[in-house]
Amino acid sequence: MLKDIGKRPFIRVGFAVFVLLIPLAVTSPKAMVRKLGRRWQTLHRTIYLIAALAILHFWWMKAGKHDLELPKIYGAIVIALLGWRVIAWMRQCAARQRA
Ligand code: HEM
């Protein structure tokens, strides 16, 4: 694995995704959620960056094979889900301003 990481940039991105997922996995048990309080949410927001990097990893790998069909579908799904979060966040802000 260490040899591969040095070889191609898409593998470095995959490795970065793997490393970034570790703190989220470690802090996922209920006891950790309680212990971290608001900091838990701040930490777990890195999932947005992780999702984007995971798509980049996949895209880059498939670009070398000139086969971008699946990365485009996965990318569209992630963009749709993130768009949904942005809409929910904007609604929350608007509701808070009304209150
Ligand atoms: C140490 C970390 C990682 C390394 C070294 C790594 C390496 C690789 C390599 C070499 C491939 C190409 C396989 C092939 O040619 O068929 C690949 C494919 C892929 N990787 Fe990673 N990866 C890592 C982490 C991740 C993570 C964390 C994710 C997702 C969260 C991910 C998602 C994918 C996907 C979706 C593919 C395409 C699979 C396929 O279509 O066959 N990888 N990875």
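Read-outs throughout are calculated quantities, based only on the coordinates presented, and are distinct from any laboratory measurement. A quick note: this is a predicted structure, and the numbers were derived from the prediction, not measured. Cβ atoms come from the backbone with ideal geometry, glycine included; neighbour counts cover every protein chain shown.
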Residue within the stretch 81-91 that is within 11 Å of the ligand (Cβ to nearest atom) and out of contact with any strand residue (DSSP E or B) (no Cβ under 8 Å at 6 or more places or on another chain) present: no
Residues (over 25 Å from residue 45 (Cα atoms), in contact with a helix residue (DSSP H, G or I) (Cβ under 8 Å, 6 or more places away or on another chain) and among the hydrophobic types (A, V, I, L, M, F, W, C)) located in the stretch 2-31: 5
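With 5, 73 as the choices, which residue is within 11 Å of the ligand (Cβ to nearest atom) and in a helix (DSSP H, G or I)?
Numbers: 73 fails: within 11 Å of the ligand (Cβ to nearest atom).
From the options 5, 73, the qualifying one is 5.
Looking for whichever is surrounded by fewer than 16 Cβ atoms within 10 Å (Cβ to Cβ) and either in contact with a Cys (Cβ under 8 Å, 6 or more places away or on another chain) or among the hydrophobic types (A, V, I, L, M, F, W, C) (or both) here; the options are 80, 54. Which one fits? Lay out the reasoning, then the answer.
Working: 54 fails: surrounded by fewer than 16 Cβ atoms within 10 Å (Cβ to Cβ).
Just one listed residue meets the conditions, 80.
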Residue among 16, 25, 31 that alone is within 12 Å of the chain's Cα centre (by Cα) and either within 15 Å of the ligand (Cβ to nearest atom) or loosely packed, with under 12 Cβ neighbours inside 10 Å (or both): 16
